[in-house]
1. Select from segment 203-234 the residues that are at pLDDT below 90, among the small types (Gly, Ala, Ser) and in contact with a strand residue (DSSP E or B) (Cβ under 7 Å, 6 or more places away or on another chain) and list them in ascending order.
2. Of the conditions (1) closer than 17 Å to Gly74 by Cα; (2) touching a residue at least 24 places away in the same chain (Cβ under 8 Å), Lys260 clears all except one; give me its number.
3. Determine, yes or no, whether Thr169 is modelled with pLDDT under 90 and either on the phi > 0 side of the Ramachandran plot or of a type in the set (Val, Ile, Thr) (or both).
4. Quick check on segment 200-222. Is at least one of its residues under 30 Å from Leu91 (Cα atoms), of a type in the set (D, E, K, R) and in a loop (DSSP other than H, G, I, E, B)?
5. Exactly one condition in (1) at positive phi; (2) under 27 Å from the mean Cα position of the chain (by Cα); (3) not β-branched (Val, Ile, Thr) is not met by Glu346; state its number.
6. Taking the stated definitions as given, is Lys291 among the charged types (D, E, K, R), more than 15 Å from the chain's Cα centre (by Cα) and either farther than 30 Å from Leu221 by Cα or outside any strand (DSSP E or B) (or both)?
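The values are calculated or read from the model by the stated rules, or taken from the named source; none is laboratory data. Since this is a predicted model, take the numbers as computed values, not measurements. Cβ placement follows ideal geometry from the backbone for every residue including glycine, while neighbour counts extend to all protein chains displayed.
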Amino acid sequence: MKRIKRSTLAIALLALVVIAAAAVWLTRKPANEPGTPAAAAKGKAGAPAARPTLTVTVAKAEPTELTLTLAANGNVAAWQEASVGSESSGLKLAEVRVNVGDEVKKGQLLAVFSPETVRADIAQSRASLAEARATAADAAGNAARARTLQATGALSQQQINQYQTAEQTAKARVEAAEAVLAAQEVRGRNTQVLAPDDGVISSRTATVGSVVAAGTELFRLIRQGRLEWRAEVTSAELSRIAVGTTAFVVSASGAQVRGKVRSIAPTVDPQTRAALVYVDLPNVQQNTGIKAGMFARGDFELGRSSAPTVPQSSIVPRDGFNNVFMLLPDNRVAQLKVQTGRRVGERVEITNALPEGAQIVVQGAGFLNDGDLVRVVAAAGPAGAGAQPAAAPAAGGQGTGETRARP
């Protein structure tokens, strides 16, 4: 009797478990049953529909008028330098009136030597001249009287010749004394050091109180304040440059100056196969960023041409290459390697061919990967004007990057 009750109880419990399982199964609607949201979210292949990775803007490559340039490197130097020295020897430098960087005019007083010694020499030379003139006057009188007595025979011919020789010797001494006086006066003028031309003082070795020898350099002058850029251009490119060509020179500090080609060297260096092209630069005082002795790079303007360009923000540097993302018809993007060229403003030249009518991702390009699905919106401003992405990047996306197109 007890066994029958236990069997009945076990059967009843098992029936309850089966009924509960069936109820749970019946209340749970299959996810893949037609009409359910899960089934609607599946594609034809049965996979869930992908969500857009990012909201982007697109633009097409546009033809832009660009300048044809030729890049070169070289040194900045003075157009001409004048060495200003002393012509007097053994004089003490009493005064220095200019310093390095001063702009001077032709004939301006730069330094003064002590004139006392020269003045004494000039006074002595004048006294010697006066003595020589007196002696010459006496000799001339004796010779004149001797000539009047020549016909009378009171003096022999030898005596007359002696008086005439004395007269000529006295005249010569007068001329010598005049020359000595002139030389001393030149020394007196040389006690003042004058600028030989307009320009800028580039170096100074003059020191007050020093005694210098004749010919010692006291100052160095950049004539007329003119500088030049001596660009090295290969022999293959030399024929593309002509006198008068405009050049933009950029120093190491970033200062940019516009100049013009003054001349081209008539020879080519046999070692480097390069020739020097001399470019005149504006006044040295007006360009604090360009100085003589600097190394500078620059570009020669050779003309203008039209080329396809894209916004700078659409260029994404990855793995050592420049890339752009092209929008496909299914709103996915394809990564393309491109070669960049010249740059104007915020646009960069693309030198290799792009597919006809290709739409390039501009805003948000740096966050994309090849094959990403995107949502395209209209640009709020000029394409590539630096707008920020409208949504955060998907997990695993790469950061943005920029590259400067070298001219």
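1. Answer for segment 203-234, where residues must be at pLDDT below 90, among the small types (Gly, Ala, Ser) and in contact with a strand residue (DSSP E or B) (Cβ under 7 Å, 6 or more places away or on another chain): Gly209, Ser210, Gly215, Gly225.
2. (2)
3. No.
4. No, because not a single residue in segment 200-222 is under 30 Å from Leu91 (Cα atoms), of a type in the set (D, E, K, R) and in a loop (DSSP other than H, G, I, E, B).
5. Result: Glu346 fails condition (1) only.
6. The answer is no for Lys291.
Yes/no per residue for (1) within 30 Å of Leu70 (Cβ to Cβ); (2) of a type in the set (A, V, I, L, M); (3) touching a residue at least 60 places away in the same chain (Cβ under 8 Å):
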position: Ser313; (1), (2), (3): yes, no, yes
position: Gly320; (1), (2), (3): yes, no, no
position: Leu336; (1), (2), (3): yes, yes, no
position: Gly345; (1), (2), (3): yes, no, no
position: Asn352; (1), (2), (3): yes, no, no
position: Gly357; (1), (2), (3): no, no, yes
position: Gln363; (1), (2), (3): no, no, yes
position: Gly366; (1), (2), (3): no, no, no
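Here is a yes/no grid of residues against (1) within 23 Å of Arg187 (Cβ to Cβ); (2) within 36 Å of the chain's Cα centre (by Cα):
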site: Glu62; (1), (2): no, yes
site: Phe113; (1), (2): yes, no
site: Ala123; (1), (2): yes, no
site: Glu131; (1), (2): yes, no
site: Asp138; (1), (2): no, no
site: Asn142; (1), (2): no, no
